[in-house]
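Read the structure below first, then the notes.
The values are calculated or read from the model by the stated rules, or taken from the named source; none is laboratory data. Since this is a predicted model, take the numbers as computed values, not measurements. Methodologically, a virtual Cβ is constructed for each residue, glycine included, from the backbone with ideal geometry; neighbour enumeration extends over all protein chains shown. Side chains included, ligands, DNA and RNA excluded: accessible areas come from the protein's heavy atoms. Shrake-Rupley method; radii C 1.70, N 1.55, O 1.52, S 1.80 Å.
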Amino acid sequence: MDFISWAQIALICFLGAISPGPSLAMVVSNTVSRGKLYGSITGIFHAFGIVIWAMLTVIGISAVVLSSGSVMTIAQVIGACLILYVGYRTYKTNPKKPSEKTTDSKHLRVNLGKAALEGFVISLMNPKIALFFLAIFSHFVDANSSWTEIGIMGLTAGIIDGIWYTGVAITVGNAKVIPVIESNSSVILKVSGILLALIAVYLLISSITSFF
């Protein structure tokens, strides 16, 4: 793979990553409701799911998954249910002052584990990501593509995704932004929760109607 081809893949992956959608909504809401670290972990593990989809797409396995309507529908429903849960949790979250935040290490590990799981599942349970990668990589992959090239494509997609969503979490949790967020945290949490719930309902309806 030459540099021009890699640069084209990187640019397309970046444009795909910054597109608004359920993943961005989740990272933002997790950051607002749970803090910058929670949002960053969500973004980082979202990238792991992206790497898996990219690798599967390049080696052709995702095409098999996408050919099965039932598998795709189940994945979409699971992803939509996760978004609905996060939306409900965000809506019900009570804004806390910094002094009220726990420093218990065990509690922190559990929270970060949930952040990692949410980020990973929301990307892994979204077959539309596979469609996106199929559209991209079909122009760059052939029968002679080496495992090194496959690895480069997968890692490129994951690294760009991780940097973007971690950057979003850091920006939203920035010290200059935090006072504004805290002063309007109640409204932001309610609106974020409602938006996530609406996205989840839309995805559920789309999944069910496409199945029939």
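Computed values, structure above
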read-out	value
Most to least accessible of Met1, Met125, Met26 (protein chains only, probe 1.4 Å)	Met1, Met125, Met26
Spacing of the two label points (7 Å from each Cα toward its C-beta) at Phe14 and Phe48, in nm	2.6
Area of Leu11 that stays accessible when all protein chains are in place (1.4 Å probe, Å², to 10)	100
With DNA, RNA and ligands ignored, accessible area of Arg34 (1.4 Å probe; Å², nearest 10)	80
Per-residue SASA entry for Ser186, accessible area with 1.4 Å probe, Å² rounded to 10	60
Accessible area expressed per residue, segment 1-43, with surrounding protein chains retained (probe 1.4 Å, Å²)	44
Protein-only accessible surface order, largest first, of Ile159, Ile78, Ile41, Ile83 at 1.4 Å	Ile159, Ile78, Ile41, Ile83
Probe 1.4 Å, all protein chains present, accessible-area order of Trp53, Trp147, Trp6, largest first	Trp147, Trp6, Trp53
Estimated distance in nm for a label pair at Phe140 and Met1, the labels positioned 7 Å out from Cα along Cα-to-Cβ	0.4
Difference of contour (0.36 nm per residue) and Cα-Cα distance, Asn174 to Leu155	4.1 nm
